[in-house]
Amino acid sequence: MTTRTETNSAFLFPNERILFQIKEGMCSRRCVYCYEKGKASKEMPFEVLEHGFKMLKSLNIKEAELIGSEPTEYSKWDLLIQLAKENELGLTVYTSGLHLERLDNDQVKGLIMHVMFEPDKAFMEGVMKLLDRGQFIYLRVNFDSEALEEKNIIHSFLNQLPARYHAQVSLKYSFTAKTEDPALKFTDIAAFKRIKPEFLMFCKETHSLFPDVSMYSERPIFKCCFTPEEREDYAYAGLDSRCNMEYTVYKDSLIGLCPPVERLIPKRKIETDSQMIRSISELRREMQKLAKKPSFEECKSCEFSQDASCQGGCFSYKL
């Protein structure tokens, strides 16, 4: 489920988004499994952000997402919000909820929030204030290679949230180990199948307790891991095998796909509107070529191999 605009502009497809990586390096929360761990602390120059937002306006793009450790710790956050307003740009912000007060403005339309701690009363009051504004929260939840450690936190969050807000929340689940150890990532279909029983149990329990909270997969689900009956019985869990395309703008005015795919598809320069249009078209075509190649041995004999929406598995799992 999504509340976002169905079409952004003439050259973006409905399932495509523009992201800006405005921060690098760990935020002040300093979680031990942060993917930014070990990176030098850097941020996008404001002039790059300014130029990028202006390009989106000229291309009639009304939405963008902010990523990169904790975007609300961007040193010129207030100027960023004013810039978004000037360019009529609605923002969705990836956040741990560290600075909810900085998200309390009309330009922020939604949050993609990863809550990694037991939410207290003050935190939930801040969340409800944002929901009262009409914002939407995509609550991220990760399955690791052994168990769903975040279930209790997620259910505590939803238990403390009055039912009237539940329709404004969606669980955005992913299958990634909270570690940089390659051995613990979901790198094959067998690993996915091992976690499937617990995942389905979590979906069933969550749907029973919070029926108005929607769910969908952040990354494509392997169709071959589910029977037709399971896909029907758990339709509410958003067992989506399609791949959303996210184009990320970086601090050096380059645009690219997700970091794992970057190894195969280089970033492109975007200094002008025409360069952005051309770069996105090229990235899309290159990704479509990759999608025709099975990611895993199992995909070569899979009964869904001819289904383009499956794409042979998500490349970020394999890479």
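Under a 5 Å amide H cut-off, with hydrogens placed 1.01 Å from N, residue 19 pairs with 65, 247, 248, 249 among residues at least 5 apart or on other chains.
The equivalent ellipsoid of region 37-186 has semi-axes of 28, 21, 14 Å, largest first, where each one is the square root of 5 times an eigenvalue of the Cα gyration tensor. Our coupling estimate for region 224-233, obtained by passing each phi through the Karplus curve with A = 6.51, B = -1.76, C = 1.60 and θ = phi - 60°, is 5, 8, 10, 6, x, 5, 5, 5, 6, 5 Hz, Gly and Pro reported as x. In the calculated pair-distance distribution of region 16-318, the portion above 29 angstrom amounts to 38 percent of the Cα-Cα pairs.
Under 19 Å Cα to Cα from residue 37, which lysines show up? Leave out anything in the same chain fewer than 8 places away. Qualifying lysines at Cα under 19 Å: 23, 178, 185, 251.
Taking amide hydrogens as placed 1.01 Å from N in the peptide plane, the amide H of residue 241 sits under 5 Å from those of 221, each at least 5 positions away in sequence or on another chain.
A straight Cα-to-Cα reach below 18 Å connects residue 129 with the aspartates and glutamates 101, 104, 106, 120, residues fewer than 8 places away in its own chain not being considered. Less than 12 Å apart at the alpha-carbon level, and either on another chain or at least 8 residues along: which aspartates and glutamates does that give for residue 39? Once the sequence-local aspartates and glutamates are set aside, what remains near residue 39 is 24. In plain terms, the chain from residue 151 to residue 129 could stretch by 5.5 nm, reckoned as 0.36 nm per residue minus the Cα-Cα distance.
The string of couplings for region 114-120 from the Karplus curve (6.51, -1.76, 1.60, θ = phi - 60°) is 10, 8, 10, 8, 5, x, 9 Hz, one whole number per residue in order, with x for Gly and Pro. For region 251-266, 3J(HN,Hα) computed residue by residue from phi via the Karplus equation (6.51, -1.76, 1.60; θ = phi - 60°) reads 4, 9, 6, 10, 10, x, 8, 4, x, x, 6, 4, 5, 9, 10, x Hz, glycine and proline entered as x. Checked against a 23 Å cut-off, the cross-linked pairs 85/121; 109/223; 54/267; 109/196 give Cα-Cα distances beyond that limit for 85/121; 109/223; 109/196.
The charge dipole of region 16-318, taken about the Cα centre with unit charges on the Cβ atoms of Lys, Arg (+1) and Asp, Glu (-1), comes to about 720 debye, rounded to the nearest 20.
Positive-end ranking of 71, 61, 108 along the dipole of region 16-318, with charges on Cβ about the Cα centre, is headed by 61.
Just so you know, all these numbers are worked out from the coordinates, no wet-lab data involved. Source: prediction; values computed, not measured. Positions of Cβ are generated from backbone atoms using ideal geometry, with glycine treated the same way; all protein chains shown enter the neighbour counts.
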